[in-house]
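Colleague: Here it is, the structure, as structure tokens.
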Amino acid sequence: MKRRRTESEGDNSSDTPTYIIRGTPEGILRRIQNVYANRLLTDVTLVVEGVSYPAHGFILCLSSDVFETMLMNYKRSDSHQGVIELQEIPQCVDVFPVFLQYLYTGEITVDFDIIIPILMLAVKYNVENLTEFCINYMCKILTEAAKNGLIVTWFQYLLSLNHPKKVNAAYFCKIWQDNDCIKFKPPLNKFFKACKNFIKWNIDKCVDCFNTFQCDVLVGLLQQSDLVVDDEIQLFKYVEGWINYQAEKKLIECNDSDTVKEYKISLIENVMSYIRYPMIPPRRLPILFMEPILKEHGHFFIDKMTETMYYNMIKIEKQTSADYILACTPRLYTCSQWGGEFRVYSYTLDTLLPLTKEITTNRYLFERSEEMPEKAQWNVELFLNGLWYDKALWTSGSDSLELPEVILKKVRATIELKLREYEKKVSFYARVAILVYGRQIAITHVVSVVQKVVLFTEDQLKITIDDFMDYEELHRVGAQEAYSQFGYYTFGALKVHIVITPVALGVTDIQNIAIGIQHVHFQIV
């Protein structure tokens with residue numbers, strides 16, 4: 001794949017890259033291009049929306065087994081007809097000549113405007129090399145797709161490719177948490193995972209396309225506990241905007257205010273039920289009361305506000321309802337009460353010593369006092385330059401063995417709970433998560449997440465998490481430079497965020513909040 005810089009790109013590295021894809025030697029390409037351009041020796045005509053495209057059966061068969069079946073299967077009524085009529089959706093009709101030209105020349109210029117319809121045609125006609133190139137291009141511009149309001153559309157298009165005949169609410173929840181829920185062949189499976197994780201972990205980067213969510217897909221997203229968001233109020237406001245947008249669309253469609261009102265109420269009851277109201281501290285509830293949607297539909301939200309006060313003011317030992325358990329499970333909140341951020345500059349990586357920071361989080365999941373919530377102190381160490389073991393002497397009886405100095409090329413984090421002076425015993429569960437940020441086309445976003453649920457006791461105050469970043473990419477020559485388009489560094493600095501949220505046994509869904517290490521992209525560069 002060869003890069004061609006267009007005039008509009010200039011020298012701005014943040015512009016979306018445009019790629020020319022080549023797969024055939026140039027000498028042969030020129031001959032085939034001449035045959036295609038001059039319509040020489042054509043033996044079949046493809047008709048799309050009334051437009052005829054003279055073509056060559058041999059080229060079509062070489063490029064696509066779908067076309068081969070059309071042309072070579074004697075049982076098909078159109079197999080020996082000189083004219084084959086194809087049914088294409090409007091987006092694909094416009095780019096069909098570009099797609100057909102690729103089958104002859106092995107070359108196509110792709111950008112935001114045509115990438116999805118070209119991919120649709122490549123998938124429909126099983127043109128594997130074009131499918132792979134389209135997917136690789138789209139993975140390289142995920143951040144730009146979000147910026148241009150497209151990434152949710154991309155994700156929902158992928159869902160449509162393998163939609164089961166029977167679906168239910170559980171299906172739309174599962175697609176966000178189970179990579180094997182939908183059976184995609186490579187490279188579509190990697191692209192599906194990249195889109196899904198980008199949306200979950202960078203919802204703030206998807207504001208411009210949030211309103212394009214289909215209702216069932218959004219409801220499934222709101223049930224996820226590894227959704228990265230500043231706090232639950234921020235998510236509430238995103239959903240409020242989505243509901244208002246859908247209501248405005250409905251009004252344009254039907255021009256009936258009563259119908260729109262009923263429609264909006266149904267959306268509120270269906271979607272707003274998945275906001276985790278117990279995760280909103282009572283002291284912050286007045287912020288919600290200022291939202292117009294509460295003033296208009298107080299009959300629904302008054303129960304949710306009561307639920308919030310109930311969990312935060314009354315000690316709940318155990319819940320059996322799945323809905324209540326989900327509501328009492330924290331997401332990956334990046335606000336200050338649940339963690340802290342590391343910003344690491346490249347010059348600090350010259351030493352093997354760990355980078356340390358103390359962070360403060362709420363000690364308990366709920367704030368059950370009118371006073372300031374009780375805090376927990378944590379000491380975080382990041383070993384980004386490898387692990388160094390000095391020379392040592394191992395002895396056993398009369399024998400001894402000198403162990404050489406060793407430097408392990410791996411990235412490690414340690415998180416330690418600091419006991420207060422008066423504490424002798426401690427026992428509580430917490431989810432510890434590390435969010436690693438990276439850069440793609442000058443846009444910083446979360447690229448990997450690791451989570452663990454840990455029981456902290458006086459015998460286990462420290463945990464270790466290894467390989468939450470790729471060591472080789474972190475230390476790649478030139479990775480720290482401002483002109484590098486993909487990587488961990490944003491103009492010479494790394495960004496890592498630690499999230500620590502207590503969990504309440506019997507109330508919190510522990511099973512689904514420890515997912516190991518996942519990545520947005522299948523490779524950083």
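The values are calculated or read from the model by the stated rules, or taken from the named source; none is laboratory data. Please read these numbers as outputs of a predicted model, since none were measured by experiment. Note that we place each Cβ from the backbone using ideal geometry, even for glycine, and neighbour counts take in every protein chain shown. Each accessible area value is taken on the protein alone, full model and side chains, heavy atoms only, with ligands, DNA and RNA left out. Shrake-Rupley method; radii C 1.70, N 1.55, O 1.52, S 1.80 Å.
Colleague: Using the heavy atoms of the protein chains and a 1.4 angstrom probe, tell me the accessible area per residue for segment 243-312 in square angstrom.
Modeller: That works out to 54 Å² for each residue.
Colleague: Applying 1/(1 + (r/R0)^6) with R0 = 30 Å to the Cβ-Cβ distance of GLU416 and TRP394, what FRET efficiency is obtained, to the nearest 0.05?
Modeller: 0.60
Colleague: How much length is gained on full extension from SER52 to SER257, taking 0.36 nm per residue of separation minus their Cα-Cα distance?
Modeller: Roughly 69.1 nm would be gained on extension.
Colleague: Search the structure for amide H atoms under 5 Å from the amide H of ILE108, placed 1.01 Å from N in the peptide plane, and list their residues when 5 or more places away or on another chain.
Modeller: ILE21
Colleague: Return the FRET efficiency for the residue pair TYR345, LEU62: r is the Cβ-Cβ distance, R0 is 51 Å, and the value is rounded to the nearest 0.05.
Modeller: FRET efficiency, TYR345 to LEU62: 0.45.
Colleague: Separate question: Can you compute the equivalent ellipsoid semi-axes for segment 129-234, i.e. the square root of 5 times each eigenvalue of the Cα gyration tensor, sorted largest first and rounded to whole Å?
Modeller: 21, 18, 11
Colleague: Quick check: at a probe of 1.4 Å, how many percent of the accessible area of segment 342-467 sits on carbon and sulfur atoms?
Modeller: 50
Colleague: Right, something else. Just to confirm the filter: which trypsin sites (Lys or Arg not before Pro) across segment 251-356 are DSSP coil and have at most 14 other Cβ within 10 angstrom of their Cβ?
Modeller: Here the trypsin sites (Lys or Arg not before Pro) that fit, given the DSSP loop and packing criteria, are LYS315, LYS318.
Colleague: Let me ask you something else. With N denoting the number of residues in segment 197-340, provide Rg(C-alpha) divided by 2.2 N^0.38 Å, to two decimal places.
Modeller: 1.07
Colleague: Please report, in cubic angstrom per residue, the volume enclosed by the convex hull of the alpha-carbon atoms of segment 442-485.
Modeller: Expressed per residue, the convex hull around the Cα atoms of segment 442-485 is 101 Å³.
Colleague: Applying the Karplus parametrisation 6.51 cos²θ - 1.76 cosθ + 1.60 with θ = phi - 60° to the phi angles of segment 230-235, what ³J(HN,Hα) value in whole Hz is obtained for each residue in order, glycine and proline being reported as x?
Modeller: 4, 7, 5, 5, 4, 5
Colleague: Where in segment 342-434 are there GluC sites (Glu not before Pro) that are in a DSSP coil and have at most 16 other Cβ atoms within 10 angstrom of their Cβ?
Modeller: Those that pass, being in a loop and sparsely packed, are GLU370, GLU371, GLU374, GLU405, GLU421, GLU423.
Colleague: While we're looking at this one, here's another question. For a 18 Å ceiling on Cα separation, which of these pairs sit above it: LYS200/LYS237; LYS140/LYS174; LYS174/LYS200; LYS147/LYS205; LYS165/LYS196?
Modeller: Among LYS200/LYS237; LYS140/LYS174; LYS174/LYS200; LYS147/LYS205; LYS165/LYS196, the Cα-Cα distance tops 18 Å for LYS140/LYS174; LYS165/LYS196.
Colleague: Still on this structure, I have one more. What distance in nm separates the two pseudo spin-label positions at GLN337 and GLU248, each 7 Å out from Cα along the beta-carbon direction?
Modeller: Rounded to a tenth, the inter-label distance reads 3.2 nm.
Colleague: Tally Lys/Arg at +1 and Asp/Glu at -1 over every other residue whose Cβ is under 13 Å from the Cβ of PHE342; what's the total?
Modeller: 0
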